[in-house]
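Any read-out appearing in this document is the output of simple, stated calculations on the displayed coordinates, not a laboratory observation. Just so it is clear, the structure is predicted and the values come from calculations on it, not from any experiment. In this analysis, Cβ positions are derived from the backbone assuming ideal geometry, glycine residues included, and neighbour counts consider all displayed protein chains.
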Amino acid sequence: MLTTVRHAFSVLAALAVLCALTLVGAAPAQAAVGVQLDTTDTTITLGESFDLSWTSTEAVTLTASGSWSGDKATPSGSQTITPGATGDFTYQLLATDENGREATDTVDVTVEPAAPAPISPAPVTFDGCEVTVPSTPNVTYFVDYGDGDVEELEADTYPAGYFDIGGDPVLFYAEANDGFQLDDEAVTDWEYTAPEDCLGESELVTATAGCHEVTFTSLVDVTIGVAYGDGDLPAPDGEFDLAAGDVHTIHTDRDVLYFEAYSGEFDFQSGELDVTADCAVDPADGSDHPTVAPAAGK
């Protein structure tokens, strides 16, 4: 009888231990902490906005870092972002649960420069015998004389004679610089014919040709500019300033030399000289005969 009782207690004890082990092993595992961060756009233009939204599980705190900061609402929320600069931006969100376990998620957003607004160029204007080329940011002005003869122009007021091609019309036009564009509705070209009474050139200099040299003598009481070459004077062989009353001699290898003299206060003068005619001695008297440049239009 005693043996039977002891055996019964042994069975009960074993069952108790087994039940305890079963209860411990049956405890459910704690859910993992998690977070998901999303963006409505990964590429925007400067000035535009995008939305960040997030959801989390088991998070006690949500902390932003990278290109944003601060504590965010749990378990979910959203925020509108308007970047103030161009570049690549990273947005990170850290989730932490009550036991200190962490999870993170990250999104990247690129902010590109905004396209510049279309430009309406200021017009080239004509007043009597003056042509005024304006200055418009990010715009370059040109004059087209025809037959492919195009010259880039600086902002300035020009005498009408500067653009004289025998009384024919010339076309001024504007082009946007690289990276910019003109407004589709803007006026971008202006035709001009110099009045006949504006076409006479001022006498700014005398130009005397020798053998492969030309001597320029000022005829006015202000400093003028002189450029010389083959006629492509936007890219001359050389140029210099000639002070009031001064004389300046240049040397050239060209057979024919073209020059322009100009002043902001006076007018414009051009000429063309044969710089080889005086290289041979006149057989009649053995003397040289320098030539003086005639007035000539552009």
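Using 0.36 nm per residue and subtracting the Cα-Cα separation, the extra length available between Thr39 and Gln79 on full extension is 13.4 nm. In this calculation the C-beta distance from Asp241 to Trp68 is compared with R0 = 41 Å, giving a FRET efficiency of 0.10.
Which of the three applies to segment 34-112, rounded, prolate or oblate, going by the alpha-carbon gyration tensor with a ≥ b ≥ c and a/c under 1.5 meaning rounded? Prolate.
Let me check I've understood the local charge: for Thr90, count other residues with C-beta under 13 angstrom from its C-beta, Lys and Arg +1, Asp and Glu -1. What total comes out? The answer is -3.
Looking at segment 56-155, none of the chymotrypsin sites (Phe, Trp or Tyr not before Pro) sits in a DSSP loop with at most 13 other Cβ atoms within 10 Å of its own Cβ. Simple spin-label estimate for Glu151 and Thr61 gives 7.4 nm between the two label positions (7 Å along the Cα-to-Cβ direction from each Cα). Distance between the modelled labels on Ala115 and Thr90, one decimal in nanometres: 3.2 nm (7 Å Cα→Cβ projection). Which shape class applies to segment 125-196: rounded if a/c is under 1.5, otherwise prolate when a/b exceeds b/c and oblate if not, where a ≥ b ≥ c are the square roots of the Cα gyration tensor eigenvalues? Prolate is the answer for segment 125-196, as a/c is 1.5 or above and a/b outweighs b/c.
Extending 7 Å from Cα along the Cβ direction at Asp183 and again at Leu171 yields two label points whose distance is 2.3 nm.
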